[in-house]
Amino acid sequence: MTSTPQITLGAWNVEAENPEMLGQFWAGVLGTEVDAYGGMAYLPPSGPGGVAMMFQPLRGSRPERQIGHLDLTVPWCTRAGEVQRIVGLGAVHKWDVLDEHPHVRWSTLADPEGSLFCIAEHPPR
């Protein structure tokens, strides 16, 4: 009998120029608290199903190209309000994709250090 691995995402780890500042930004986005220590910042999950985040000092120069990003999902018809809230925390709104796919609309933002992430909403089924 083969067993299926029970893998879950433990934390999203990010190298940052200013880990504590970036941790504070993401704590505001996710509605959690930041625990800063030793030049790093840890954010526990904001609730069941949430993901922890760890910010550590950038080692070396910042890569020219981002090879991954977070897609965060919000309830249908709340994306625009969440984008405004998060821009108020220090994000930069980059662009919206509202009619490319029938199953999702999203906005792409950049955090205070320039890393891209998306706020997405899916229509009810």
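The values are calculated or read from the model by the stated rules, or taken from the named source; none is laboratory data. This is a predicted model, so every value here is computed, not measured. So basically every Cβ, Gly included, is an ideal-geometry build from the backbone, and we count neighbours across all protein chains shown.
Output the residue which, of all residues in the stretch 39-66 that are closer than 30 Å to PRO124 by Cα and part of a loop (DSSP other than H, G, I, E, B), is modelled with the highest pLDDT.
Ranking the qualifying residues of the stretch 39-66, first place goes to PRO44.
When only residues in the stretch 88-119 that are closer than 15 Å to THR78 by Cα and among the charged types (D, E, K, R) count, which is surrounded by the most Cβ atoms within 10 Å (Cβ to Cβ)?
The extreme case among them is ARG105.
What is the one condition in (1) touching a strand residue (DSSP E or B) at 6+ places or on another chain (Cβ under 6 Å); (2) of a type in the set (A, V, I, L, M); (3) more than 17 Å from ALA91 (Cβ to Cβ) that ILE67 does not satisfy?
With (1) touching a strand residue (DSSP E or B) at 6+ places or on another chain (Cβ under 6 Å); (2) of a type in the set (A, V, I, L, M); (3) more than 17 Å from ALA91 (Cβ to Cβ) applied to ILE67, the lone miss is (1).
Taking the residues in the stretch 54-87 that are surrounded by 13 or more Cβ atoms within 10 Å (Cβ to Cβ) and charged (D, E, K, R) as candidates, determine which candidate is farthest from GLU20 (Cα to Cα).
Ranking the candidates gives ARG79 first.
Residue check: is MET21 closer than 19 Å to LEU109 by Cα, of a type outside the set (Gly, Ala, Ser) and outside the structural domain of PRO124 (by TED's automatic domain parsing)?
So MET21 passes the test.
Just one of the numbered conditions (1) within 30 Å of PRO123 (Cβ to Cβ); (2) in a strand (DSSP E or B) is not true of ALA36; which one?
So the condition that ALA36 fails would be (1).
Could you list, ordered by first residue, the pairs with Cβ atoms under 8 Å in which the first is in the stretch 94-116 and closer than 19 Å to PRO19 by Cα and not assigned by TED's automatic domain parsing to the domain that holds GLU20 and the second is among the small types (Gly, Ala, Ser) and surrounded by 10 or more Cβ atoms within 10 Å (Cβ to Cβ), at least 6 apart or interchain?
LEU109/ALA91; ALA110/ALA91; ASP111/GLY90; ASP111/ALA91; PRO112/GLY90; PRO112/ALA91; GLU113/ALA16; LEU116/ALA110
For the list (1) surrounded by 15 or more Cβ atoms within 10 Å (Cβ to Cβ); (2) out of contact with any helix residue (DSSP H, G or I) (no Cβ under 8 Å at 6 or more places or on another chain); (3) without any contact (Cβ under 8 Å) to a residue 40 or more places away in the chain, I need the number of the one condition that GLY49 fails.
Of (1) surrounded by 15 or more Cβ atoms within 10 Å (Cβ to Cβ); (2) out of contact with any helix residue (DSSP H, G or I) (no Cβ under 8 Å at 6 or more places or on another chain); (3) without any contact (Cβ under 8 Å) to a residue 40 or more places away in the chain, only one is false for GLY49: (1).
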